[in-house]
1. Search the stretch 212-236 for residues that are within 22 Å of Phe190 (Cβ to Cβ) and pair each with any residue that is at pLDDT 85 or above and surrounded by fewer than 17 Cβ atoms within 10 Å (Cβ to Cβ) when their beta-carbon atoms are under 6 Å apart and the residues are at least 6 apart or on different chains.
2. Considering only the stretch 162-178, state which residues are under 46 Å from the mean Cα position of the chain (by Cα), open to solvent by 60 Å² or more (accessible area, probe 1.4 Å) and not charged (D, E, K, R).
3. Quick one: what pairs do we get from the stretch 152-171, first residue within 13 Å of Thr207 (Cβ to Cβ), second open to solvent by less than 30 Å² (accessible area, probe 1.4 Å) and not in a strand (DSSP E or B), C-beta under 6 Å, 6+ apart or different chains?
4. Are any residues in the stretch 113-131 open to solvent by 20 Å² or more (accessible area, probe 1.4 Å), at pLDDT 75 or above and over 22 Å from Gln93 (Cα atoms), and if so, which ones?
Amino acid sequence: MHRKPSETREQSETRRLVLLFIGIAIAFSVAGYLVGNIRLIYLEQEARLFAQQRDSLHQRMQQQEYRSNILQVELDVERAATQALQQELRLTQDENANIRRELTFYQRVMAPELNADGISIDSMTVNALPGTNSFYFRLILLQQERIQQLAQGSLRLTLRGLRDGARQEYSLLTLAGIDEGSTQFVMSYFSLTEGSFTLPENFVPETLHVNVRSRQGRQTERTFQWQQLITAEPEEQEHNAN
């Protein structure tokens, strides 16, 4: 009579434990299912984000390839244009060389005074500098014949004008502080003489006379009008000589 209630309580305890375990198992299963679904949703969103990034990168790559192709085409066009300009420049240089040779020939025949053994006065430039009566000058001599030996000679630059109503002339090289030894030149193809100077007080220049004498004794000379010389553009100044 007393064992049956005891067995019934044990069975009841066992049943509760079994039900508790079952409940816990169900709870873990539901939690795992929910966590799995959340994880799956997260992975699907991440996959869609990666897909969007991949499509964006692919589109950007296509744009970069397109730009690269455009730049390559422009580069090819620039190269072709540069080659054409180089070819045109070579032709122009050859043409200028031929013209220079023809000019040298005609100068020897028609105007030998413009050429001193192949040396000619190419241009004379004078520009005003800041300050009272201050100027910069540049003289370019050319060796018109491309010969092996160097061209040698001497030059004089003479400013002529009025000072206090009287005729006066000055050596421009002396005014520029260039010593006598610098009047001698040795050149191959061209010679450049330049410097700055200040006009004497009350002196009004009228002309600038350039004289070049070759080592062999022949000379060439040109006279530039001062007012035209200092007001002309650099490329025009060589044409303002008498």
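The values are calculated or read from the model by the stated rules, or taken from the named source; none is laboratory data. Quantities reported herein were computed from a predicted structural model and do not represent experimental measurements. Glycine also receives a Cβ, built like all others from the backbone with ideal geometry; neighbour counts cover every protein chain displayed. The area values use the complete protein model at the heavy-atom level, side chains included, leaving out ligands, DNA and RNA. Shrake-Rupley method; radii C 1.70, N 1.55, O 1.52, S 1.80 Å.
1. Note: pairs meeting the criteria are Glu221/Asn211.
2. Thr174, Gly177, listed by residue number.
3. Sorted first by the residue in the stretch 152-171, then by its partner, the pairs are Leu157/Leu172; Leu157/Leu173; Leu159/Leu172.
4. Asn127, Ala128, Leu129, Pro130
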